[in-house]
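Some notes on the structure that comes next.
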Amino acid sequence: MYLATQARIKQAVREFALRQYELEVNVIVNQPPRPAMGDMALPLAMELARKLRRPPRQIAEEIAAALRPVSGVAKVEIAGAGYVNLYLDRAAYATQLAASLTKPVPSPTAAGEKTIVEHTNINPNKAAHIGHLRNAVLGDTFVRLLRSRGELVEVQNYIDNTGVQVADLVVGFLYLERKTEQEVARMAGDPSARFDYYCWDLYASVTRFYEEDASRLELRARTLQEIEAGEQEAARVAEMVSTAIVRCHLATMLRLNVSYDLLPRESEILHLRFWEKAFELLREKGAIYLETEGKNKGCWVMRQPGAETSDGDEADAGQARDPEDNKVIVRSNGTVTYVGKDIAYQLWKFGLLGKDFHYRPFHTYPNGHTLWVSSAQAAGDSVPVFGQGQRVYNVIDVRQSYLQNIVAQGLRALGFEEEANRSIHFSYEMVALSPRCCAEMGIELSPEDRKRPYVEVSGRKGLGVKADDLIDRLIAEALREVVSRHPDEPDEVRRRIATQIAIGALRYFLLKYTCNAVIAFDFREALSFEGETGPYVQYAVVRARNIFRKLEAGGGSYDPAAVTPAVLERFLSPPEGDPCWQLLLQASQGEAAAEMAIATTEPAAVAKFAFQLAQGFNNFYHRFHILTEKDEERKAFLLWLVRMVDSRLTATLDLLGIEVPEAM
RNA sequence: GGGCGCGUAGCUCAGUGGAUAGAGCAUCUGCCUUCUAAGCAGAGGGUCGCAGGUUCGAGUCCUGCCGCGCCUACCA
């Protein structure tokens, strides 16, 4: 509603400027600093003053005159140096807003363009930690945002089950612990054991195992080759442990309301020879070449923009970079780097590889949704179509920007300029540990680390906050509070509420920071349920709903039909109606926040909106005592407004993947 | 060295080139017989790293400098 109104006003001003001044203008609409100054402000006159060489206030008057007849505009004023401030027709706006909410969310058509979002992508060799959660929650929220705008979205969680990290874990089982394949199978299959936790420790032990004797790195290289070959014991163990850990990760993510459509695995990229196909394409187009000299001799490398090849072209302007800076795609031993496989994967996502995976069902979620996994063999029919996206978002931390650029560059080199432009690196900063957090966890810091503002998480060193531990702790904290407030509720109910609060707190915590802020993780802040937190927003909705619960418990009822346009007019009109109007206007801006969040790949905008609307409601809640209201018409109006805010806030929380508890 | 990012209140962070720079936490003062105080109201707290520039207007854009972080592997 807000966006539609804004668009109408922009259009009217654009047409006016073209007609009157013969100028193409970009109309900027923002909010006046104080609500009393109006609902929308246009600083356009100041900008035009120079071009037209006329006083800004005079131009503002003309713009104002052009805006007065626009439908939905009640009043236009000139203020300050030449701002055009406009006031909306409140009752009309409220009526249209209510009507717009009864329209169903646009559903994606089968013929529509598909957007692929890849996120989570945890190496399947250890338990998920807090850093992985940021990725998953950002990605999942972004998916929810896109779907809310009617987009068809496919969620992929790439599984690197044949990489170095899994190889290290296999080395741990087979050479450090000297376990047999059967013993590992027993452990991986034991549902009572926290297998991912076990591997967390084992992985850290393997790091020390190598440090003790560098010759043991031979084991890693050998194991990696065996895994890639896919025949021997190491490959079977790798498949077993990585699959078991993927299941742990899925369970952890489901606790956070995160789910997926497809798990494309690196093993299939290898076995179905995706890379060979990509290599062929890259070589034919000359995107990569065989280096014949220098440190990269014998490798297939990709040209860097501005870098010389060994032929010496592109050496213009003296800016040429050392050809040794070119990125190695195929190692001199013939194996392909991760980036190479990623290029093949990215080509497949756009349907440009000329190859496809086979698929089989991997998991069924409680809501009935099926999660598929890539497979080397065809398995049955009724398999959905995967890949072939028109736009791809890769949710990957900022440290991989360089590699993501290389992937896009690979597409460009193959002539897929459009697809390269639609390969969007959804970049975010890492989650680190605050010094206090390290102290709490008993982590010894080196003297130089102690001077830093934060310490980087390291799976390799086993340094980090495990996701499930954090969630458990949040639930325990929330449960303590719920139990004290609801001594009579059944334990099952209290546990459910505590879980919803805990997840609300965690998801909000991970979303409230903008993507390029490093989160220095701190238990005190993450475990907070007050102030700018998820539970604060949840609480606002619970309060709103309690009004209706109490109303009905007291034998009262609410009739939306009683809220006629005349009633809206009566209670929204200035100046008495100002507070309610402000709340309503604020509640109507969720769409704008969502659009901003999508355009800037910044879900924090929606989190911020949710908090501010909750704040607005809490303020209103204290100011207006609805159930004691004597004027029935006024009471009906206030209930209408509460319903409206409840609906908008609930919808916004849903975008953030946060549920509303039945009580708090 | 090169690339990317950051520097805003004691702390953690918002801030689409626009009006008097905002939240939360922390500190202090009030408010529970009320639709639950996981809340509300209020107070104090700022050289927006520094210096130039562009602009009617700069926390926001440009340049330089200072400080910090990440990347720059035949790891991912």
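The values are calculated or read from the model by the stated rules, or taken from the named source; none is laboratory data. Because the structure is a prediction, the values reported are computed rather than measured. Cβ sites come from the backbone with ideal geometry, for glycine too, and all protein chains shown count toward neighbours. Just the protein is used for accessible areas: all its heavy atoms, side chains included, with ligands, DNA and RNA removed. Shrake-Rupley method; radii C 1.70, N 1.55, O 1.52, S 1.80 Å.
A few comments on the model shown:
- Screening segment A:64-87 for residues that are open to solvent by less than 20 Å² (accessible area, probe 1.4 Å) and more than 21 Å from A:E591 (Cα to Cα) and picking the one that is modelled with the lowest pLDDT gives A:G82.
- Within segment A:241-257, none of the residues are in contact with an Asp or Glu (Cβ under 9 Å, 6 or more places away or on another chain), at pLDDT 95 or above and over 30 Å from A:V137 (Cβ atoms).
Listed here are the residues, each with its yes/no results for (1) surrounded by fewer than 19 Cβ atoms within 10 Å (Cβ to Cβ); (2) in a helix (DSSP H, G or I); (3) of a type in the set (V, I, T).
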| position | (1), (2), (3) |
| --- | --- |
| A:W581 | no, yes, no |
| A:L585 | no, yes, no |
| A:E595 | yes, yes, no |
| A:A607 | no, yes, no |
| A:Q612 | yes, yes, no |
| A:F620 | no, yes, no |
| A:T628 | yes, no, yes |
| A:A636 | no, yes, no |
| A:L639 | no, yes, no |
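- Each residue in segment A:480-494 was checked for being exposed (fewer than 14 other Cβ atoms within 10 Å of the Cβ) and more than 10 Å from RNA strand B (Cβ to nearest atom), and 5 pass.
- Lone qualifier among A:V237, A:V164 - being among the hydrophobic types (A, V, I, L, M, F, W, C), open to solvent by less than 30 Å² (accessible area, probe 1.4 Å) and in contact (Cβ under 8 Å) with a residue 60 or more places away in the chain: A:V237
- In segment A:423-479, of all residues being without any contact (Cβ under 8 Å) to a residue 12 or more places away in the chain and near RNA strand B (Cβ under 9 Å from one of its atoms), the one that is most open to solvent (accessible area, probe 1.4 Å) corresponds to A:K451.
- Residue count for segment A:279-302 under the criterion of being among the small types (G, A, S) and touching a Gly at 6+ places or on another chain (Cβ under 7 Å): the result is 1.
- Hits in segment A:601-657 - residues which are more than 11 Å from RNA strand B (Cβ to nearest atom), within 30 Å of A:D397 (Cβ to Cβ) and among the polar types (S, T, N, Q): A:T601, A:T652
- Considering (1) among the hydrophobic types (A, V, I, L, M, F, W, C); (2) free of Cβ contacts under 8 Å to residues at least 60 places away in the same chain; (3) within 16 Å of RNA strand B (Cβ to nearest atom), the lone condition that A:A185 does not fulfil carries the number (3).
Conditions (1) under 28 Å from the mean Cα position of the chain (by Cα); (2) not assigned by TED's automatic domain parsing to the domain that holds A:I443, marked per residue:
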site	(1), (2)
A:L474	yes, no
A:E492	no, no
A:T514	yes, no
A:G554	no, yes
A:P560	no, yes
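Condition check ((1) more than 30 Å from A:P435 (Cα to Cα); (2) not β-branched (V, I, T)) across all residues:
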site: A:G534; (1), (2): no, yes
site: A:G555; (1), (2): yes, yes
site: A:A566; (1), (2): yes, yes
site: A:I598; (1), (2): yes, no
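- Inside segment A:36-63, residues that are more than 9 Å from RNA strand B (Cβ to nearest atom) and either open to solvent by less than 30 Å² (accessible area, probe 1.4 Å) or in a loop (DSSP other than H, G, I, E, B) (or both) make up a count of 7.
- Total residues in segment A:16-33, condition over 16 Å from A:L88 (Cβ atoms) and open to solvent by 20 Å² or more (accessible area, probe 1.4 Å): 10
- Which listed residue is on the phi > 0 side of the Ramachandran plot and under 33 Å from the mean Cα position of the chain (by Cα), from A:G504, A:G531: A:G531
- Wholly within segment A:487-559, helices (runs of 4 or more DSSP H) carrying at least 2 residues that are modelled with pLDDT of 95 or more: A:491-511, A:534-553
- Members of segment A:5-23 that are away from RNA strand B (no atom under 16 Å from the Cβ) and either part of a loop (DSSP other than H, G, I, E, B) or outside the structural domain of A:E62 (by TED's automatic domain parsing) (or both): A:E22
- For segment A:365-389, the tally of residues that are within 30 Å of A:T600 (Cβ to Cβ) and surrounded by 17 or more Cβ atoms within 10 Å (Cβ to Cβ) stands at 4.
- On inspection, A:T364 qualifies as over 20 Å from A:E118 (Cβ atoms) and touching a Ser or Thr at 6+ places or on another chain (Cβ under 8 Å).
- The condition (being more than 26 Å from A:G387 (Cβ to Cβ), in contact (Cβ under 8 Å) with a residue 12 or more places away in the chain and open to solvent by 10 Å² or more (accessible area, probe 1.4 Å)) is satisfied by just one residue among A:R144, A:R90, A:R149, A:R178: A:R90.
- Any hit, segment A:579-586, residues being in contact with a Ser or Thr (Cβ under 6 Å, 6 or more places away or on another chain), within 30 Å of A:D140 (Cα to Cα) and more than 9 Å from RNA strand B (Cβ to nearest atom): no
- Residues of segment A:258-267 classified as open to solvent by 10 Å² or more (accessible area, probe 1.4 Å) and either at pLDDT below 95 or among the aliphatic types (A, V, I, L, M) (or both), total: 0
- Verdict on A:R543 being near RNA strand B (Cβ under 7 Å from one of its atoms) and not assigned by TED's automatic domain parsing to the domain that holds A:Y454: yes
- Matching option when the condition is over 30 Å from A:S401 (Cα atoms), open to solvent by less than 20 Å² (accessible area, probe 1.4 Å) and within 11 Å of RNA strand B (Cβ to nearest atom), among A:I519, A:I497: A:I497
- Condition met for A:A66 (more than 16 Å from RNA strand B (Cβ to nearest atom), more than 30 Å from A:M644 (Cβ to Cβ) and more than 24 Å from the chain's Cα centre (by Cα)): yes
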